[in-house]
Amino acid sequence: MKLLRLKITDPAGFRSLPCGFEHHFRTEWALQEELGQPTAFAPFVCAGPNGSGKSNLLEALAAIFYQLEVQRVRRSFLPEALAELDDLGAPRAFELEYLIFLPFQSLQDALRYAHVRVEKKLDGSPQMFWLNPEGFGSRVDGLVDGGLCTEQHREFLLPEYVLGYSSGENEILSLPFFKMRFVQFDEYWTSLRDSQAYPGRPETRLAYLDSGFSQAILLCNLLFAEGGRLEAFTQDIGIEALKEFRIVLRRSVLLDEVQARPFMAPIERASLSTEEAFQANRPVVSLDEETGRYRLNVLNLLEEHDPDRLKTSSRALDALRRCATLEFHDEATDTLVLDYWVNDATRQAFQESFDRNPRALFQTFQVLLTLNLYTVSDTLKADLYRSDSHYVSKTVPILASDECVMRFKFVRFSKRGLAQPIMLKGLSDGEHQLLHSLGLCLLFRDTNSLFLFDEPETHFNPDWRASFITRLNTCLQGREGVSQEMLITTHSPFLISDSKPDKVLVFEKDKASGAVSISHPDYNTLGASINKITMSTFGKRETIGGHAQAILDGLRARFEQGDENPDTLIDEIHLQLGDSVEKVLLIKAILDKAERRDQEAQG
């Protein structure tokens with residue numbers, strides 16, 4: 001995928017992006033250069049001061065693809081709160097253009113990208129247009145006049161996945177993804193309620209992978225460690241091998257009558273009393289005599305109920321059970337405990353059970369973790385779908401661990417330099433961030449996806465920041481038949497120094513109007529020094545901290561008064577301050593003045 005242009009036409013604007021905001025991501029020359037190097041990868045690095053609108057650009061893209069994704073899945077299911085497709089939240093009017101790598105050959109060998117334009121007018125639904133269908137033969141049958149796409153075209157004209165990650169609690173970026181997580185929950189919940197088949201993975205393509213997915217990301221990469229996956233974690237973090245982990249699954253959860261009622265079959269709801277209907281609908285719903293509440297078999301669609309077919313079942317829970325070293329079922333709580341002692345046989349079992357694809361395992365974990373939202377009421381979900389608040393996730397109740405449908409425990413792995421295996425919680429914040437961002441790239445490296453990373457390197461040491469672009473390239477570069485796009489917001493000059501100027505987006509916010517503008521650096525950023533980038537891009541001319549600068553300014557003031565011995569003052573500067581450009585310049589000024597005085601005294 002390659003972004004071309006974004007324009008906000010909503011009269012209300014979008015966050016700090018005003019109505020009329022427009023950005024062209026690539027010039028024609030830069031685009032042709034990139035198309036000539038189909039396996040190359042370079043992210044857009046979004047830089048600028050705090051509050052300059054960097055995250056707003058990422059959220060705008062996430063919000064647009066959220067609307068397109070809701071529109072795409074409407075034919076199979078949609079929560080009632082999203083029935084009105086004309087109002088899916090801000091921005092309510094926009095234009096977006098991009099190229100998407102196509103999964104099939106065109107009639108012209110050089111033409112592998114579809115040029116897509118998306119338009120949404122105020123009070124209208126998003127419309128997609130394929131602007132270069134010529135050259136693809138019968139593949140584009142069904143286009144409406146003007147290149148307007150039908151539902152069948154959306155399957156391959158939208159990115160395979162839109163993936164968001166933030167190093168902190170960034171509600172600005174996460175809101176569209178957070179809504180989509182509830183859509184994914186409703187997809188499963190609707191299938192369970194109506195006794196429909198479920199594919200075992202989310203149909204929707206947006207995923208915000210926050211810290212709650214760290215263990216899933218690590219497990220999927222380490223269980224499928226071929227293709228450089230393990231090396232990516234070993235080089236900097238020192239992870240050597242996965243040793244063990246546990247999955248705890250609650251097969252059934254307790255619901256009150258209002259929550260449980262929709263799971264009665266339609267005929268039963270009409271002809272039987274409440275208690276009779278619940279009893280008739282076993283084993284999906286049953287009355288829990290001890291609590292007086294109703295017990296829902298929440299994993300019913302993920303496991304096979306015919307004992308003769310368990311060994312060959314392709315359902316997600318059955319696959320996890322086949323790979324387990326030990327299995328224990330607590331009948332009192334209807335909890336299934338799966339223990340894994342990881343060796344070559346374990347890894348082979350996961351390979352065979354999940355089609356040798358770590359992403360298939362990850363999507364199983366994604367479904368199971370999403371089911372932890374089961375306590376959220378329909379009223380709260382409806383409010384969430386309509387919300388534009390940055391703090392909407394704070395309204396969602398947090399479950400105690402023993403109330404979760406799924407949780408990981410005892411994830412242990414060996415780490416270079418340590419005699420005993422450690423748990424994931426034993427890693428530092430920076431190690432977590434590197435594991436998360438690189439692991440996400442490795443899981444989705446074979447897809448045509450859009451990655452939106454918001455300050456993924458905030459806890460990195462300088463060496464990791466300096467090598468982060470290289471690490472991303474190692475994970476994503478050189479993949480045949482796919483093309484990823486990535487935007488990264490950052491305050492680190494190291495990421496800019498590893499990027500060409502056309503890939504660096506410098507954000508500036510007008511103090512009077514609040515409008516955001518984007519420009520490219522007017523100097524060659526690739527290989528530029530950190531001092532140069534700090535001064536030119538971030539507007540900070542000083543290369544030392546504020547407190548040290550105040551001390552240096554005081555020493556400079558004493559020098560300018562001219563009352564002190566130069567040698568004594570220089571000794572004090574050396575004593576108080578470490579090496580810096582500012583210190584060198586001050587000492588040079590003192591020495592130059594002393595030399596001029598000596599020359600004047602001599603002649």
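The values are calculated or read from the model by the stated rules, or taken from the named source; none is laboratory data. Since the model is a prediction, treat every value here as computed from it, not as a measurement. Every residue, glycine among them, receives a Cβ derived from its backbone with ideal geometry; neighbour counts consider all protein chains shown. Please note that ligands, DNA and RNA were not included when accessible areas were found on the heavy atoms of the full protein model with its side chains. Shrake-Rupley method; radii C 1.70, N 1.55, O 1.52, S 1.80 Å.
Charge tally around Val376: other residues with Cβ under 11 Å, Lys/Arg +1 each, Asp/Glu -1 each, net -1.
Please work out the FRET efficiency for the pair Arg193 and Asn524, using the Cβ-Cβ distance as r and a Förster radius of 56 Å; give the result to the nearest 0.05. All intermediate terms of the calculation are to be shown ahead of the outcome.
Working: r = 59 Å, r/R0 = 1.05.
E(calc), rounded to 0.05, equals 0.45.
When Asp571, Asp522 are compared by accessible area of protein heavy atoms, the largest-first order is Asp522, Asp571, using a 1.4 Å probe. Helix 214-223 and the long axis of the chain differ in direction by around 80°, with both axes built from C-alpha atoms. Could you tell me how many degrees, from 0 to 90 and to the nearest 10, lie between the Cα long axis of helix 566-576 and the main elongation axis, the longest principal axis, of the Cα atoms of the chain? Taking the Cα atoms of the chain, the angle to 566-576 is about 10 degrees.
Pairs to check: Lys394/Lys509; Lys532/Lys583; Lys503/Lys532; Lys120/Lys503; Lys54/Lys583; Lys2/Lys381. Give those whose C-alpha atoms are more than 22 Å from each other in this structure. Pairs exceeding 22 Å: Lys394/Lys509; Lys120/Lys503; Lys54/Lys583; Lys2/Lys381.
Counting only heavy atoms of the protein chains, get the accessible area per residue of the chain (1.4 Å probe) and round it to a whole Å² value. Kindly include the intermediate steps, with their values, before the conclusion.
Details: 27250 Å² over 603 residues.
Computed with neighbouring chains in place, this is 45 Å² per residue.
Across the accessible surface of the chain, with the other protein chains kept in place and a 1.4 Å probe, carbon and sulfur atoms take up 49 percent.
With each run of n ≥ 4 DSSP H residues scored as -39500 (n - 2.57), what mean residue ellipticity at 222 nm is computed for the chain after dividing by its residue count and rounding to the nearest 500 deg cm²/dmol? Spell out each step's value before the answer.
Values: 20 runs with 223 residues, N = 603.
That comes out to -11000 deg cm²/dmol.
The modelled label-to-label distance between Ala515 and Thr470, using points 7 Å beyond Cα along the C-beta direction, is 4.2 nm.
The heavy atoms of Thr379 present about 100 square angstrom of accessible area, all protein chains included, probe 1.4 Å. For Asp256, the solvent-accessible surface computed with a 1.4 Å probe is close to 70 Å², ligands and nucleic acids excluded. Applying a 4.7 Å Cβ-Cβ cutoff to the chain, the cysteines left without a disulfide-compatible partner are Cys19, Cys46, Cys149, Cys220, Cys323, Cys404. Using Cβ point charges alone (K and R +1, D and E -1), the dipole size of the stretch 457-603 about the Cα centre works out to roughly 580 debye.
Protein chains only, probe 1.4 Å: how do Trp464, Trp130 rank by accessible area, largest first? The partial results should precede the final answer.
Numbers: Trp464 30, Trp130 5 Å².
Highest to lowest solvent-accessible surface, that is Trp464, Trp130.
Which of the three applies to the stretch 373-458, rounded, prolate or oblate, going by the alpha-carbon gyration tensor with a ≥ b ≥ c and a/c under 1.5 meaning rounded? Please list the in-between numbers first.
Values: a/c = 2.39, a/b = 1.48, b/c = 1.61.
Here the stretch 373-458 falls in the oblate category.
The residues neighbouring Gly238, those whose beta-carbon lies less than 10 Å from its own, together hold a net charge of -1 under the Lys/Arg +1, Asp/Glu -1 convention. Of the labelled figures [x] 28.6, 117; [y] 25.4, 79; [z] 23.7, 79, only one reflects Rg and Dmax of the Cα atoms in Å as derived from the coordinates, namely [x].
When the surface is traced with a 1.4 Å probe over the full set of protein chains, His305 keeps roughly 100 Å² accessible.
Taking 0.36 nm per residue of sequence separation and subtracting the Cα-Cα distance, how much length would be gained by fully extending the chain between Arg479 and Gln127, in nm to one decimal?
123.6 nm
Given an 8 Å cut-off on Cα distances and at least 6 residues of separation, report the relative contact order of the chain as a percent.
Working: 974 pairs, mean separation 116.7, N = 603.
Dividing the mean separation by the residue count of the chain yields 19 percent.
Along the stretch 491-500 the Karplus relation, 6.51 cos²θ - 1.76 cosθ + 1.60 evaluated at θ = phi - 60°, assigns HN-Hα couplings of 10, 8, x, 5, 5, 5, 5, 9, 10, 6 Hz to successive residues, with x for each Gly and Pro.
Determine the percent antiparallel among the DSSP beta bridges restricted to the chain, to the nearest 5. Numbers along the way, then the final one.
Numbers: 57 of 77 bridges.
Expressed as a percentage, antiparallel bridges in the chain total about 75.
Dipole check for the stretch 313-382: with +1 at the C-beta of Lys and Arg, -1 at the C-beta of Asp and Glu, and the Cα centre as origin, the magnitude is about 380 Debye.
Cα extents for the stretch 279-400 along the principal axes, largest to smallest and rounded to whole angstrom: 47, 40, 23.
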